[in-house]
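Before any comments, here is the structure.
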């Protein structure tokens, strides 16, 4: 065992032990604890859990790698994901917490109809499956490089740990586990970033110092035939940049595994405060990611430009064993690099390795490399657990309990939820071993699906009383049909050939068009059909004033007592 493998093993075993211990101490036996932690999570802890749930393997492992190769165009991920969180906190979180209950499909069902609830539950399962594929693949990448385990074995181990603590503790266990995971991942991300910033610029503040190297990065990139790092729209057309950014923003506001976290606070005010803390915690990583991308790419290019194949740095050989780095056959000297195997460059590097390889590229000591590996695993595990809970709750609560066995007791509902979680893990393992794209791109597809389905239904459900069940259902079906069809058409999935998109629109950006179609269809169909019943209009009126006492006639529920925040 190498020194890197030793330190990686130590950090991963210790962190996994903490996660499982927390889940064991937090194990639950009733549905309210399993799904929403009895609405009793403190705001700061909930903010950290939201941040961990949010900053998936895409944020930790893949985003800085995409920024490194896309340069200025990679800012779509920064703008889309952070801007979307602000949109979620302002437009949806307080209103959905006022309403309460367990799941996003449950709100859709009570606002519209049981049929729309079933449709929403199916959409939640599709979105969560798409998202969890990226997390499983990210976990497999960590294991395959740092512990010498193949990608398949790494995905299996990651899936087993996630299943264990998610099944034991439900939302209660997942919440406190995510607090620990956020601590691990942010420390693991910041320490090497600060060390590399100090090493390259002499200023240990990466958010400030990386601006000093951009001219140098442009110059060496030009020598190797790369696009200018700071040039806007160099690799993506302006239209697609806008559509991808918007899809990530509104997709964020419609992600069921993030929205459900706001159900866990004690009060509506608590959901707002959780949003503030989460945004603060998220900003620590998102303001650092551009610096990590720039520093890593500079170190990478300086270390390989004009270098003989026989004299390449050791880290390339290490990562080549995973199949994520490859040298073109017959090449003697490295003069070009790409993240696209079809580009024919001398050296091909997968986006998903750059953050994990950054300490090795910079020559940092083995303990820091092992810590980064543990951080990558924490990011993948934290989000995957939340997604599995959404799948579990959609199947057991919104399908089984609401449509099949309305009189099922807590034990039966939890059993069905845990079985659903187990089946979801099996499907996620298969897809995680053979993902359709880079981790961040797979995750972007999930955001597009959320954008075209949940976001319009939730916005219209809260802010437009006239929207009815037929309109919401028609809009969701139309938005999902367009988005999924386009993604299958442009990607090599389900045995289909890969095609160029229309008007330069990438599969990551089609969710914006799908959302627009959803809005238009929902409004037209709602206008052409009968308005919703009076009691639903009163429900909307009550929800739209999150901290207010319900109007006369608006009934309270056990989860939403009269008096608003009492």
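Given the residues 275, 197, 193, which is the only one that is at pLDDT 90 or above, surrounded by 24 or more Cβ atoms within 10 Å (Cβ to Cβ), out of contact with any strand residue (DSSP E or B) (no Cβ under 8 Å at 6 or more places or on another chain) and farther than 22 Å from residue 305 by Cα?
Values: 275 fails: at pLDDT 90 or above; 197 fails: farther than 22 Å from residue 305 by Cα.
That would be 193, the only listed residue that is at pLDDT 90 or above, surrounded by 24 or more Cβ atoms within 10 Å (Cβ to Cβ), out of contact with any strand residue (DSSP E or B) (no Cβ under 8 Å at 6 or more places or on another chain) and farther than 22 Å from residue 305 by Cα.
Being in a helix (DSSP H, G or I), modelled with pLDDT of 80 or more, out of contact with any strand residue (DSSP E or B) (no Cβ under 7 Å at 6 or more places or on another chain) and surrounded by fewer than 24 Cβ atoms within 10 Å (Cβ to Cβ) is a property that residue 87 has. Among the residues making up the range 317-326, those that are assigned to a helix (DSSP H, G or I) and either surrounded by fewer than 22 Cβ atoms within 10 Å (Cβ to Cβ) or modelled with pLDDT of 90 or more (or both) are 317, 318, 320.
Given 40, 100, which one is in contact with a strand residue (DSSP E or B) (Cβ under 9 Å, 6 or more places away or on another chain), surrounded by fewer than 22 Cβ atoms within 10 Å (Cβ to Cβ) and modelled with pLDDT under 75? Walk me through it before giving the result.
Numbers: 40 fails: in contact with a strand residue (DSSP E or B) (Cβ under 9 Å, 6 or more places away or on another chain).
Matching residue, one of 40, 100: 100.
Which of the helices (runs of 4 or more DSSP H) contained wholly in the range 200-315 include at least 2 residues that are under 30 Å from residue 456 (Cβ atoms) and over 24 Å from the mean Cα position of the chain (by Cα)?
Working: elements: 206-209, 214-223, 238-252, 256-259, 268-286, 289-304.
Once the helices (runs of 4 or more DSSP H) in the range 200-315 are filtered for at least 2 residues that are under 30 Å from residue 456 (Cβ atoms) and over 24 Å from the mean Cα position of the chain (by Cα), what remains is 268-286.
For the condition within 20 Å of residue 53 (Cβ to Cβ), part of a helix (DSSP H, G or I) and under 18 Å from the mean Cα position of the chain (by Cα), what is the one hit in 458, 449? Give the steps one after another, and end with the answer.
On the way: 458 fails: under 18 Å from the mean Cα position of the chain (by Cα).
Checking each option against the conditions leaves just 449.
When 141, 127 are screened for being assigned to a helix (DSSP H, G or I), surrounded by 24 or more Cβ atoms within 10 Å (Cβ to Cβ), in contact with a helix residue (DSSP H, G or I) (Cβ under 8 Å, 6 or more places away or on another chain) and at pLDDT below 80, only 141 passes. Looking at the range 144-157, which of its residues are part of a helix (DSSP H, G or I) and farther than 26 Å from residue 450 by Cα? Result: 144, 145, 146, 151, 152, 153, 154, 156, 157.
Considering each of 390, 430, 443 in turn, give the residue that is assigned to a helix (DSSP H, G or I), under 16 Å from residue 130 (Cβ atoms) and out of contact with any helix residue (DSSP H, G or I) (no Cβ under 7 Å at 6 or more places or on another chain). Reasoning before the result, please.
On the way: 390 fails: out of contact with any helix residue (DSSP H, G or I) (no Cβ under 7 Å at 6 or more places or on another chain); 443 fails: out of contact with any helix residue (DSSP H, G or I) (no Cβ under 7 Å at 6 or more places or on another chain).
Being assigned to a helix (DSSP H, G or I), under 16 Å from residue 130 (Cβ atoms) and out of contact with any helix residue (DSSP H, G or I) (no Cβ under 7 Å at 6 or more places or on another chain) holds for just one of 390, 430, 443, which is 430.
Do we find a residue being at pLDDT 75 or above, closer than 30 Å to residue 534 by Cα and out of contact with any helix residue (DSSP H, G or I) (no Cβ under 6 Å at 6 or more places or on another chain) anywhere in the range 156-172? No; the residues of the range 156-172 include none that is at pLDDT 75 or above, closer than 30 Å to residue 534 by Cα and out of contact with any helix residue (DSSP H, G or I) (no Cβ under 6 Å at 6 or more places or on another chain). Sub-6 Å Cβ pairs linking a first residue in the range 190-201 that is without any contact (Cβ under 8 Å) to a residue 60 or more places away in the chain to a second residue that is surrounded by fewer than 18 Cβ atoms within 10 Å (Cβ to Cβ), at least 6 apart or interchain, are 194/204; 198/204; 201/212, ordered by first then second residue.
Yes/no per residue for (1) surrounded by 23 or more Cβ atoms within 10 Å (Cβ to Cβ); (2) modelled with pLDDT of 85 or more:
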{"site": "35", "(1), (2)": "yes, no"}
{"site": "44", "(1), (2)": "no, yes"}
{"site": "48", "(1), (2)": "yes, yes"}
{"site": "52", "(1), (2)": "yes, no"}
{"site": "59", "(1), (2)": "yes, no"}
{"site": "66", "(1), (2)": "yes, no"}
{"site": "75", "(1), (2)": "no, yes"}
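The residues of the range 218-244 that are over 30 Å from residue 347 (Cα atoms) and crowded, with 21+ Cβ neighbours inside 10 Å amount to a single one, 243.
The test for being crowded, with 24+ Cβ neighbours inside 10 Å and within 25 Å of residue 285 (Cβ to Cβ) does not hold for residue 112.
Between 402, 466, which is touching a helix residue (DSSP H, G or I) at 6+ places or on another chain (Cβ under 9 Å), farther than 21 Å from residue 59 by Cβ and at pLDDT below 80?
Numbers: 466 fails: at pLDDT below 80.
The unique qualifying residue is 402.
Screening the candidates 390, 372, 355 for the property of being within 30 Å of residue 9 (Cβ to Cβ), under 18 Å from the mean Cα position of the chain (by Cα) and crowded, with 24+ Cβ neighbours inside 10 Å yields one hit, 355. If we scan the range 327-335, do we find a residue that is at pLDDT 85 or above and under 25 Å from residue 5 (Cα atoms)? Yes, the range 327-335 contains at least one residue that is at pLDDT 85 or above and under 25 Å from residue 5 (Cα atoms).
Out of the residues in the range 327-352 that are under 26 Å from the mean Cα position of the chain (by Cα) and part of a strand (DSSP E or B), which is surrounded by the most Cβ atoms within 10 Å (Cβ to Cβ)? Walk me through how you get there before you give the answer.
Our first condition is that a residue be under 26 Å from the mean Cα position of the chain (by Cα); within the range 327-352, this holds for 338-341, 348-352.
When the remaining residues are screened for being part of a strand (DSSP E or B), the result is 338, 348-349.
Details: 338: 18, 348: 19, 349: 24.
Among those residues, the one meeting the criterion is 349.
The values are calculated or read from the model by the stated rules, or taken from the named source; none is laboratory data. It should be emphasised that the depicted structure is a prediction, and the values quoted were computed from it without experimental measurement. Backbone-built Cβ (ideal geometry, glycine too); neighbour counts: all protein chains shown.
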